[in-house]
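Enquirer: Please read through the structure below; I'll follow up with questions.
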Amino acid sequence: MHKRTIAFACCNLSILGTTFGFSPPVLADQVRLTNGDQISGSITALAEGSLTIQTAYAGLLTINLNAVQSLETDQPQFWRIDSNTQSTRLQFSEKAGHVTTAGATYPLTKLALEKPSSTWKKSGRLEGAMDIDNDSERKEKQHFYTELDLESNDWRHELKAETKRDKSHNRVTEDTLETNYRVDYLFNSHWFVRSASSYRIEGVELETSYWNTGIGPGYRLWGQRKDKLDVIVTYNRFGLKAGPLNWHFSAYALNLDYQQFWFNEHLETFVDVEMAIPNIDWVDYLANTSSGIRYYLSHNIHLSLKYDFNETHMDTGTTQDSSYTLGAGVSF
């Protein structure tokens, strides 16, 4: 009886020793291919029709999404799904070309892996343009435009500056400098709050200065990367100084900001509309619209056609100003 007890104990020790001798399983992302193969590793990118996975046995592999049956991740990561970024873990789906997460199934083409980064994404452009209106009173109109954009995971900054110089019969009739600055704080992939300000000084014989600052919520209806359609509602303060006139007023403004790229980013369409309703009786509304297209000859060189329209409706009448400009520029 005593010997059997010792033998049993030794057996258990042997089992325990064997158990503790096993190495814990190595966690990894899994990619199932349409040909039946399965690849293990760490998914480093998924966007624009391809998947990249780091493997221990073959290094970095890039796979066309058409060859992927489904995939599974070993831990939550930040994924953009239909323009909505969330931290989630993906599971295999029985449906070809799809994955499952949080009880819902999505096509792989709707997913993009978001890598959190503290670095800023920088972009901008410099553009020169000439007025192409057939207006006998406005023979020459020159535009110079520059833009700088900075974006991180939580912030978007946009700085614009534009100069306009208008000549009629060799006489300067307009000389304008305008700057605009916007900063957005992003709560998620849809909601953000915007603070914006602008300043314009113009005139030849009588100098006129104008400023505007506002803040309010915004919502991205749709958009990924450069494509977007944003709606913003702001409370604004306006100021105008022209000679002895110096007055201020408040207004609520609605802004639509649209941008979309076509044909593998060779063509860009854009619209920026602002409608402000002042709290003064004798001004009904102020409307500013800028729209156009840009055709990219290369990644850095583009041609542009732009239409600007401004309107102020008052009790005494309506004032309007519009122009078409054809330009060329560089992006950076």
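Enquirer: Could you tell me the convex hull volume per residue, in Å³, taken over the Cα atoms of the chain? Display every interim value, and only then the final one.
Expert: Details: hull volume 70.7 nm³, N = 332.
Convex hull volume per residue, Cα atoms: 213 Å³.
Enquirer: I'd like to know which of Ser42, Ser291, Phe187 lies farthest towards the positive end of the charge dipole of the chain, counting +1 on Cβ of Lys and Arg and -1 on Cβ of Asp and Glu.
Expert: Of Ser42, Ser291, Phe187, it is Ser42.
Enquirer: Could you sort Ile201, Ile293, Ile232 by accessible area so the largest value comes first, with the probe set to 1.4 Å? Working shown, then result.
Expert: On the way: Ile201 45, Ile293 75, Ile232 0 Å².
I get Ile293, Ile201, Ile232, largest accessible area first.
Enquirer: Computed over the Cα atoms, what is the radius of gyration of segment 195-287 divided by 2.2 N^0.38 Å, N being its residue count? Let's see the in-between values first.
Expert: On the way: Rg = 16.6 Å, N = 93, 2.2 N^0.38 = 12.3 Å.
Cα Rg divided by the expected 2.2 N^0.38 Å: 1.35.
Enquirer: So how do Asp227, Asp175 rank on accessible area, 1.4 Å probe, biggest first, that is with the largest at the start?
Expert: Working: Asp227 40, Asp175 70 Å².
So the residues, ranked largest to smallest area, are Asp175, Asp227.
Enquirer: Next up: Compute the helix-to-body angle for 2-21: its Cα long axis versus the longest principal axis of the chain, expressed 0 to 90° and rounded to tens.
Expert: The angle comes out near 30 degrees.
Enquirer: Under 8 Å for C-alpha pairs, at least 6 residues apart: give me the relative contact order for the chain, rounded to a whole percent.
Expert: On the way: 801 pairs, mean separation 29.8, N = 332.
The value is 9 percent.
Enquirer: Which shape class, rounded, prolate or oblate, goes with segment 234-332 when its Cα gyration tensor gives a ≥ b ≥ c as root eigenvalues, a/c under 1.5 marks rounded, and past that a/b bigger than b/c marks prolate?
Expert: Details: a/c = 2.78, a/b = 2.39, b/c = 1.16.
Prolate is the answer for segment 234-332, as a/c is 1.5 or above and a/b outweighs b/c.
Enquirer: Tell me, what is the percent relative contact order of segment 199-303, built from C-alpha pairs under 8 Å that lie six or more residues apart?
Expert: Numbers: 226 pairs, mean separation 18.6, N = 105.
Result for segment 199-303 is 18 percent.
Enquirer: Which values, in whole Å and largest first, are the semi-axes of the equivalent ellipsoid of segment 49-103 obtained as the square root of 5 times each eigenvalue of the Cα gyration tensor? Could you put the intermediate results ahead of the total?
Expert: On the way: eigenvalues 78, 40, 27 Å².
Each semi-axis is √(5λ); the values are 20, 14, 12 Å.
Enquirer: Do any of Lys122/Lys164; Lys160/Lys306; Lys241/Lys306; Lys95/Lys228; Lys121/Lys226 go past 19 Å between their Cα atoms, and which?
Expert: Details: Lys122/Lys164 26 Å; Lys160/Lys306 16 Å; Lys241/Lys306 28 Å; Lys95/Lys228 30 Å; Lys121/Lys226 12 Å.
Going by Cα-Cα distance, Lys122/Lys164; Lys241/Lys306; Lys95/Lys228 fall outside the 19 Å limit.
Enquirer: Moving on. Across segment 148-210, how large is the tail of the calculated P(r) beyond 16 Å, expressed as a percent of all Cα pairs?
Expert: On the way: 1142 of 1953 pairs.
Cα-Cα pairs of segment 148-210 separated by over 16 Å account for 58 percent.
Enquirer: Whole number in Å², please: accessible area per residue of segment 159-237, 1.4 Å probe, ligands, DNA and RNA not counted. Before the final figure, lay out each step's value.
Expert: Values: 4460 Å² over 79 residues.
In whole numbers, segment 159-237 has 56 Å² accessible per residue.
Enquirer: Give the carbon-plus-sulfur fraction of the accessible surface of the chain in %, rounded to a whole number; probe 1.4 Å, heavy atoms of protein chains only. Present the calculation step by step, with values, prior to reporting the outcome.
Expert: Values: 11460 of 19770 Å².
That share works out to 58 percent.
Enquirer: Mean residue ellipticity at 222 nm from the helices of the chain, using -39,500 (n - 2.57) per DSSP H segment of n ≥ 4 over the full residue count, to the nearest 500 deg cm²/dmol? Please list the in-between numbers first.
Expert: Values: 1 runs with 20 residues, N = 332.
Counting only the DSSP helices, I get -2000 deg cm²/dmol.
Enquirer: Multiplying the sequence separation of Glu207 and Lys110 by 0.36 nm and subtracting their Cα-Cα distance, what value in nm do you get? Working shown, then result.
Expert: Numbers: separation 97, 0.36 × 97 = 34.92 nm, distance 5.28 nm.
Between Glu207 and Lys110, full extension yields an extra 29.6 nm.
Enquirer: For a quick check of understanding: with a 1.4 angstrom probe and all protein chains in place, what accessible area in square angstrom does Asp131 have, to the nearest ten?
Expert: Per-residue accessible area (Asp131): approximately 20 Å².
Enquirer: Let me ask you something else. Given contacts defined as C-alpha pairs under 8 Å and at least six residues apart, what's the relative contact order of segment 217-274, whole-number percent? It would help to have the intermediate numbers written out before the result.
Expert: On the way: 106 pairs, mean separation 16.6, N = 58.
The normalised contact order for segment 217-274 reaches 29 percent.
Enquirer: Order Tyr235, Tyr145, most accessible first, counting only protein heavy atoms with a 1.4 angstrom probe.
Expert: Values: Tyr235 105, Tyr145 25 Å².
Final ranking, largest accessible area leading: Tyr235, Tyr145.
Enquirer: If you plug each phi of segment 48-63 into the Karplus form 6.51 cos²θ - 1.76 cosθ + 1.60 with θ = phi - 60°, what whole-Hz ³J(HN,Hα) values come out, in order, with x for Gly and Pro?
Expert: 6, x, 9, 10, 10, 10, 8, 10, 7, 10, 9, x, 8, 10, 10, 10
The values are calculated or read from the model by the stated rules, or taken from the named source; none is laboratory data. If you're wondering where the values come from, they're calculated on a predicted model, not measured in any experiment. Don't worry about glycine lacking a Cβ; one is built from the backbone with ideal geometry, like all the others, and counts go over all protein chains shown. The accessibility values were calculated without ligands, DNA or RNA, using every heavy atom of the protein model including side chains. Shrake-Rupley method; radii C 1.70, N 1.55, O 1.52, S 1.80 Å.
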